[in-house]
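See structure below.
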Amino acid sequence: MLFASTALRNASRIGLRRCPTTPLQQLRHKSSGSGGIPTPLLIQWYNIFGKTTIGYATWMVAGIIVAEGMTGWFGDAVWNSVNKGRTFETVDWTKFASGDEEEEEEESEEEEGDGEDADGDDGDDDDE
């Protein structure tokens, strides 16, 4: 162990810190820049969101909310496309309408209109 640290110290003094690199390693080093995002844009993002904890937390919360909204919208779109005609919103309810139900609705509306109103009398507001 002691010998290894001495050898590394001596190697660093004479400039042998790195082994010769292969062309593949050189290519990897060149491509490991910003990942395709321009550096000025990254610097601007860092100045706005990355410098402070509250800025970064705001960035994370906003990102999570946007991602959740997009995921929910996409999931609903897939669900509705697969179940078209099977959900309450997409069923054609005119196919199920019958004349009996319409007559019953009209009768119940007429019954509600007859009789006493909310204050308990027959609808006249005379206090005689």
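In region 49-102, the qualifying residues are those that are in a helix (DSSP H, G or I) and acidic (D, E), and the one that is most open to solvent (accessible area, probe 1.4 Å) is E68.
Restricting region 25-57 to residues that are among the hydroxyl-bearing types (S, T, Y) and touching a helix residue (DSSP H, G or I) at 6+ places or on another chain (Cβ under 7 Å), the residue that is modelled with the lowest pLDDT is S34.
The values are calculated or read from the model by the stated rules, or taken from the named source; none is laboratory data. Keep in mind the model is a prediction, meaning the values are calculated, not measured. Virtual Cβ from ideal backbone geometry, glycine too; neighbours counted across all protein chains shown. With ligands, DNA and RNA removed, areas are computed over all heavy atoms of the protein, side chains included. Shrake-Rupley method; radii C 1.70, N 1.55, O 1.52, S 1.80 Å.
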